[in-house]
């Protein structure tokens with residue numbers, strides 16, 4: 001979204017997106033905390049404050065809460081809870097129940113609805129953590145840290161079950177775990193606070209859980225693919241005319257030694273060209289198959305651009321099983337086009353720029369682009385370094 005609204009967004013560096021998210025977290029925390037407390041102060045259920053997370057409704061919520069008068073009752077004071085020791089067997093059983101619910105939600109979203117939505121990686125762990133934290137404290141006190149620990153255990157169980165049931169591979173699970181665990185902890189803290197201070201309720205938390213399957217369906221029909229561009233550069237001690245042939249096609253790359261590629265992420269092996277000039281077809285062969293790239297711009301020796309007509313799977317998932325057919329391997333991460341620009345420097349060298357435009361149907365885009373941009377930079381680096389070596393060794 002930022003890239004579409006502000007074309008210069010790409011020049012700010014890969015750090016800007018994550019930094020912007022981290023900057024926003026304290027304000028989001030303050031907003032939801034104040035909404036929950038203000039709802040209670042107005043005599044409403046504390047759960048009403050969670051509408052802060054619903055796009056569109058959050059503005060109506062803040063407007064309504066700003067004009068409602070105070071109920072005059074002390075409704076946000078810690079209430080007495082059963083002082084007996086919490087039964088950890090019950091907490092563990094609750095953990096298993098919520099883990100099973102999380103696995104079903106993941107399967108429903110990715111395999112039935114065919115969508116990797118924000119509600120899956122943010123909404124579901126947040127709500128499940130909130131409701132679990134609430135039920136862990138509604139009748140017997142459990143410190144927020146321990147409640148958060150049980151919620152993190154739930155998130156771990158969900159990811160382990162997805163791996164055991166061959167619904168996802170290890171790479172995707174490792175990437176989603178930090179975000180899901182963080183959302184679960186935030187939810188747990190909110191759930192504990194509502195249980196300790198708000199009015200007891202069984203209906204509101206259950207309605208939240210029952211609403212989770214609806215969210216990815218709505219999001220699928222309303223959310224556009226995340227679009228981005230990645231730029232990588234390298235300086236080559238050779239003239240553009242000597243670099244150009246190795247940009248158009250290049251020989252076999254050395255075996256991959258980077259741990260990322262050894263784990264199964266697709267990496268380039270060689271490139272060949274069929275034809276000459278615009279309309280020629282470039283085949284960039286990766287470890288998982290070949291990209292088919294019709295040439296759109298052929299300006300020798302300065303600019304080569306191409307569309308991506310076909311691309312193979314972006315990775316081979318690690319798993320206990322020989323093959324995992326996760327939906328995200330097919331069409332959810334798409335290269336759209338690419339280009340190379342060769343810029344002559346004052347020192348007689350060549351600055352080689354590689355760009356890739358891509359689309360990603362995995363949300364939230366601000367989070368998954370952290371991995372997507374990193375992967376593409378690693379792929380660019382491997383190709384650019386190989387072109388540099390070939391060009392500088394050429395007679």
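The values are calculated or read from the model by the stated rules, or taken from the named source; none is laboratory data. It should be emphasised that the depicted structure is a prediction, and the values quoted were computed from it without experimental measurement. Neighbour counts run over all protein chains shown; Cβ positions are idealised from the backbone, glycine included.
What helices (runs of 4 or more DSSP H) lie completely within region 206-270 and have 2 or more residues being buried (at least 17 other Cβ atoms within 10 Å of the Cβ), touching a strand residue (DSSP E or B) at 6+ places or on another chain (Cβ under 9 Å) and not assigned by TED's automatic domain parsing to the domain that holds residue 175? Those helices (runs of 4 or more DSSP H) span 240-248. Regarding residue 55, is this residue outside any helix (DSSP H, G or I) and at pLDDT 85 or above? Criteria not met by residue 55.
Determine whether region 151-162 contains at least one residue that is surrounded by fewer than 19 Cβ atoms within 10 Å (Cβ to Cβ), in contact (Cβ under 8 Å) with a residue 60 or more places away in the chain and not in a helix (DSSP H, G or I). There is no residue in region 151-162 that is surrounded by fewer than 19 Cβ atoms within 10 Å (Cβ to Cβ), in contact (Cβ under 8 Å) with a residue 60 or more places away in the chain and not in a helix (DSSP H, G or I).
On the stretch given as region 304-323, residues that are buried (at least 16 other Cβ atoms within 10 Å of the Cβ), modelled with pLDDT of 95 or more and not in a loop (DSSP other than H, G, I, E, B) total 3. Within region 325-357, the set of residues being under 30 Å from residue 108 (Cβ atoms) and either out of contact with any strand residue (DSSP E or B) (no Cβ under 6 Å at 6 or more places or on another chain) or not in a strand (DSSP E or B) (or both) comprises 325, 326, 327, 328, 329, 330, 331, 332. Tallying residues that are under 30 Å from residue 38 (Cβ atoms) and surrounded by fewer than 21 Cβ atoms within 10 Å (Cβ to Cβ) within region 163-184 yields 3.
Figure legend. Inter-residue proximity from region 247-262: first residues without any contact (Cβ under 8 Å) to a residue 40 or more places away in the chain, second residues not in a helix (DSSP H, G or I), beta-carbon distance below 6 Å, spacing 6+ or different chains. Indicated pairs: 249/271; 249/272; 249/273; 252/270. Would you confirm whether or not region 289-301 contains a residue that is part of a helix (DSSP H, G or I), in contact with a strand residue (DSSP E or B) (Cβ under 8 Å, 6 or more places away or on another chain) and at pLDDT 95 or above? Looking for residues that are part of a helix (DSSP H, G or I), in contact with a strand residue (DSSP E or B) (Cβ under 8 Å, 6 or more places away or on another chain) and at pLDDT 95 or above, one finds none in region 289-301, hence no. Would you tally the residues in region 181-205 being over 22 Å from residue 143 (Cβ atoms) and in a helix (DSSP H, G or I)? Total meeting the criteria: 2.
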